[in-house]
Amino acid sequence: MQTVGFNSILSMRQCILLARRQFSATAQSALSGSQTNDRQLPPPPIKSSDKMRGWQLHNYGDIDELQLSDKLKIPQIRSSNECLVRIRATAVNPIDLAMLRGYGATVLNKMRCQPGDGIEFPLILGREFCGELVQTGMGVPADSLSLGTRVWGVVPLQSSTGAHAEYVAVPSYCLSPAPKELDDCEAASVLYAGLTAWSGLYITGGLGGPCGAATASGGGAHKRVLVLGGSGGVGTLAIQILKSQKVQVLATCSENAIEMVRNLGADFVVDYNNREAVEELCKYAPYDIVLDCAGQGGQQAAESKFDFRQYITFSSPLLANIDKQGLGLGALKNVFDLVQTNVKSVTQRGGLVKWGFFSPAPQGIQFLQKLVEQRKLMPLIDSSYGFGDLPKAFEKMKGGHLRGKIVVKL
């Protein structure tokens, strides 16, 4: 009996010691976790009463329609896959100037308005940005996009709240961690033009075969592509994308931009105003793709002097026809225009005319990010402005003849 009692007391003492050790370990772990959290604090939560600055549009028209306000509501996350970003830098693209004038309003307004809600304004323009992730929906995995991450992203065309403001809410597939190789302004000037070029080459043009459009693998080695307008925002990135994939690249630009375009890696560059130089492009025909980044449009394809298999233009009449003639007649006009243009181009130049578009595809973002990390793609910045001078950035865009992108710093 005494032995049993002694063993019982010993067991009780061992249990007490074990419990003390466990408590001490738990306390140290909690303290360590608290210290870790102190070092990696997430951004403060956004209150519903918080306001932001932003440039709003209440009517379509010219640049004087842009109005700066510091009392705008911060966009709210409305679906589980959305993210809220505090913007550090953004850009002005030709699509912003076109949308300011009402381009695509018929289609885009139907996409952005809820059923029974005909409210079209106010609008905030801006299609791309670099910033800090401050809030995510419940469906966004924390391991892929954590709060406080520096991100770059794009805004879908149908969104009424763009990136020309201090905050923007976008679907998570439009975002990715920003490359460390780029500063904020550089990161804010890649994705819209880069995804436009990528989409035209790989989705519309099928340059890399089925995997080129469905994955971030790229492709197109040993193909021959002519880039019209090689010194603009889309053209400069298209040339770098093509050269990274070992494509033979020829380009046109103005005389004073020839050296710059050559430095991007183009194999042969000509002044588009020099007729004799343009005729030299016939020596390299037929082209696998002629990529129109100069706004010439598909109607000019049949008038060119060189043959091609595909002529891809980003200046399609798709939305403009619907703006002018409505959804029904506009759609019929689009079919007629495309058929008529292709009959001429196939007959005279032997290839098809296709319309290219911006596409916020995650695999496209991954492709561009990979090229930046490999230092095979670097954006060219024409000029930069402060947020309060955004109308001046629009004036610069309106003037044309750019050498890269126009960025706006917040």
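Among D288, D50, D70, a tally of other beta-carbon atoms within 10 Å of each Cβ gives an order, fewest to most, of D70, D50, D288. Counted by neighbouring Cβ atoms within 10 Å, the residues V269, V335 run from fewest to most as V335, V269. The mean sequence distance of close C-alpha pairs (under 8 Å, at least 6 residues apart), as a share of the length of the chain, puts its relative contact order at 17 percent. Quick check on segment 276-387: take the gyration tensor over C-alpha atoms, sort the square-rooted eigenvalues as a ≥ b ≥ c, and tell me if it's rounded (a/c under 1.5), prolate or oblate. Taking the square roots of the gyration eigenvalues as a ≥ b ≥ c, segment 276-387 is oblate. Counting other Cβ atoms within 10 Å as a rough exposure proxy, the listed residues K283, K392, K73 run K283, K73, K392 from fewest neighbours to most. Every helix of 4 or more DSSP H residues in the chain counts as -39500 (n - 2.57), and over all residues that averages to -11500 deg cm²/dmol at 222 nm.
When the charge dipole of the chain is built from unit charges on Cβ atoms (+1 for Lys and Arg, -1 for Asp and Glu) and taken about the Cα centre, the candidate among A98, W55, G137 whose Cα reaches farthest toward its positive end is G137. Placing a label point 7 Å from the Cα of S254 along the Cα-to-Cβ direction, the residues of segment 271-285 with a backbone N closer than 12 Å are 272-273.
For S80 and H222, the difference between the fully extended length at 0.36 nm per residue and the C-alpha to C-alpha distance is 46.8 nm. Looking at the chain, the DSSP beta bridges with both ends there are about 55 percent antiparallel. Between rounded, prolate and oblate, where does segment 167-272 land on the alpha carbon gyration tensor, with a ≥ b ≥ c its root eigenvalues, rounded for a/c under 1.5, else prolate if a/b exceeds b/c? Oblate, since a/c reaches 1.5 and b/c is not below a/b. Oblate is the label for segment 86-228. Its Cα gyration tensor axes, ordered a ≥ b ≥ c, give a/c of at least 1.5 and b/c at or above a/b. Panel note: the C-alpha atoms of the chain, placed on their principal axes, show extents of 112, 48, 40 Å (largest first). Each pair of Cα atoms in segment 193-355 enters the Kirkwood radius, and Stokes-Einstein at 20 °C and 1.002 mPa s then converts it into a translational diffusion coefficient of 134 µm²/s.
In nm, give the distance between the simple-model label positions of H58 and D271, each being 7 Å from the Cα along the Cα-to-Cβ direction. Result: 4.9 nm between the two label points.
Each peptide in 201-207, 215-221 gets a packing score, the mean of other Cβ atoms within 10 Å over its residues, and the list from highest to lowest is 201-207, 215-221.
Suppose R0 equals 45 Å. What FRET efficiency, 1/(1 + (r/R0)^6) with r the Cβ-Cβ distance, do E303 and L68 give to the nearest 0.05? Step by step, r from the Cβ atoms, then E = 0.55. Each residue of segment 70-83 was assigned a 3J(HN,Hα) from its phi angle through the Karplus expression (A = 6.51, B = -1.76, C = 1.60, θ = phi - 60°), giving 10, 10, 7, 6, 5, x, 9, 6, 10, 9, 5, 9, 8, 10 Hz with x at Gly and Pro.
The numbers here are math on the coordinates, done by the rules we state, and not lab data. Bear in mind that the values here come from a model prediction, so they are computed numbers and not experimental data. A quick note on method: Cβ atoms are made from the backbone with ideal geometry, for glycine too, and the neighbour counts reach across all protein chains shown.
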